[in-house]
Amino acid sequence: MNNGNRTGTVLLVLAVAFFALGLKFVSGFGTRLPAPQNISLVDTQFLSTATFRKSYAELIREKADLSDFDCYACHEKGKPPTLKFDAQHNLIVPKEHEDIVMGHGTHNRNNNCFNCHDEQNLELLQARDGRQIKLVESPLLCGSCHGPTYRDWEAGAHGRTGGYWNRSLGPIKRQICVDCHNPHRPKIPSLTPAPGPHLLHPVAAVAVEDSH
Ligand code: HEC
Ligand code: HEC
Ligand code: HEC
Ligand code: HEC
């Protein structure tokens with residue numbers, strides 16, 4: 001046999017072998033792939049961009065029920081309601097306002113209704129310097145006590161700016177303090193964290209966790 005013939009045979013054997021391997025690969029014969037995992041969709045609550053609450057300004061935009069803000073449907077003009085306190089000097093919130101749970105700051109530091117509402121005109125708010133403020137302008141009230149946070153918010157470092165980066169497509173939307181903080185109980189409620197990513201090798205991951 002000459003060299004040319006031998007090379008030809010070797011190449012033919014290799015070609016047949018690779019063809020057979022290729023067939024096995026394509027047909028999947030003899031390989032056991034693990035069953036694909038069923039990955040459930042992310043709960044839509046983690047995709048919502050809604051703020052924690054709806055402010056008075058937002059309710060006006062949505063033309064929602066505003067009866068809670070109609071103070072003089074129940075109160076008498078020119079007769080400011082008197083605040084009632086218990087023996088420990090804790091404010092008693094009357095039954096008619098039982099949906100208001102006061103808790104502004106630790107140790108109930110800012111629970112007095114008239115720290116914020118204007119007793120002469122319940123439909124207005126009142127800043128620390130006596131300025132009367134409309135309900136829709138409540139950030140000015142918050143800012144009268146929370147100066148640094150208010151400045152951060154004005155600069156866009158506190159709160160959230162939505163809308164459009166490209167102003168030619170549309171305006172930006174700045175949430176106001178009471179879109180996120182309940183003025184009566186401003187601490188943000190704790191949130192359920194969204195689930196972590198799906199692991200490629202869940203079994204191996206469990207083994208790693210067990211070794212801790
Ligand atoms: C830290 C400031 C602050 C204090 C203290 C405060 N409020 Fe308010 N209150 C506000 C602001 C601001 C709004 C408007 C919120 C909005 O725009 O959604 C409001 C809204 C309301 C409303 C209308 C709708 C609602 O939330 O029920 C009522 C009624 C009310 N306050 C009563 C009271 C009473 C009664 C007290 C005392 C027990 C009190 N507030 C203490 C700031 C305050
Ligand atoms: C559904 C009727 C109703 C509406 C609406 C209402 N109030 Fe009252 N409010 C009452 C009653 C009743 C009391 C207890 C008697 C009183 O002090 O006049 C009261 C008490 C209060 C007090 C004294 C709270 C305390 O701890 O003693 C404040 C302050 C007050 N209201 C503010 C407001 C403001 C501000 C609004 C509008 C944003 C408002 N209320 C709307 C019925 C109402
Ligand atoms: C009269 C002054 C005053 C006004 C007006 C006021 N705050 Fe406060 N706020 C306080 C004080 C005092 C604390 C408590 C600080 C502490 O305990 O260290 C506080 C605490 C807070 C906290 C921290 C959370 C907590 O409960 O400890 C948040 C958030 C807050 N305020 C948001 C607001 C918002 C939003 C407004 C406007 C609706 C507002 N505040 C209006 C005085 C004020
Ligand atoms: C888009 C939602 C959002 C808006 C709008 C917003 N806040 Fe906050 N704020 C938060 C969150 C979230 C925290 C952190 C909550 C926590 O740690 O409990 C916070 C924390 C705070 C605190 C606690 C102290 C601090 O700085 O960490 C204060 C006070 C406060 N905000 C005041 C304000 C005031 C005043 C405004 C309006 C001028 C405002 N916030 C607007 C979401 C918001």
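Quickly estimate the mean residue ellipticity at 222 nm for the chain, helices only: each DSSP H run with n ≥ 4 gives -39500 (n - 2.57), and the total goes over all residues, rounded to 500. Don't skip to the answer; put the middle values down first.
Working: 6 runs with 61 residues, N = 212.
Calculated at 222 nm, the ellipticity per residue is -8500 deg cm²/dmol.
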TODO: Work out the charge dipole of region 52-180 with +1 on the Cβ of Lys and Arg and -1 on the Cβ of Asp and Glu about the Cα centre, then indicate which of A155, F114, V101 is farthest towards its positive end.
DONE: A155
TODO: Could you tell me which of rounded, prolate or oblate describes region 90-130, using a ≥ b ≥ c as the square roots of the eigenvalues of the alpha-carbon gyration tensor, with rounded for a/c under 1.5 and, failing that, prolate when a/b is larger than b/c and oblate otherwise?
DONE: oblate
Task: Furthest towards positive pole of dipole, V26, N90, A57, structure part region 23-153, Cβ charges - done: V26
Open item on the list: Highest mean first, how do 138-144, 161-167 rank when packing is the count of other Cβ atoms within 10 Å averaged over residues?
Closed with: 138-144, 161-167
Open item on the list: Between 0 and 90 degrees, rounded to the nearest ten: what's the tilt of helix 3-27 against the longest Cα principal axis of the chain?
Closed with: 40
- [ ] Assuming a ≥ b ≥ c are the square roots of the Cα gyration tensor eigenvalues, decide whether region 52-180 counts as rounded (a/c under 1.5), prolate (otherwise, with a/b larger than b/c) or oblate.
- [x] prolate
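First check a/c for region 3-91, with a ≥ b ≥ c the square roots of the eigenvalues of its C-alpha gyration tensor; if it is under 1.5, answer rounded, and if not, answer prolate when a/b is larger than b/c or oblate otherwise.
Prolate, since a/c reaches 1.5 and a/b exceeds b/c.
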- [ ] Please name whichever of P183, C74, N38 sits farthest to the positive end of the charge dipole of the chain, dipole taken about the Cα centre and charges placed at Cβ: Lys and Arg +1, Asp and Glu -1.
- [x] N38
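Read-outs: derived from the displayed coordinates by stated rules, not from any lab. Note that the structure is a prediction, hence the values are computed from the model and not measured. All Cβ positions, even for glycine, are placed from backbone atoms using ideal geometry, and neighbour counts span all protein chains on display.
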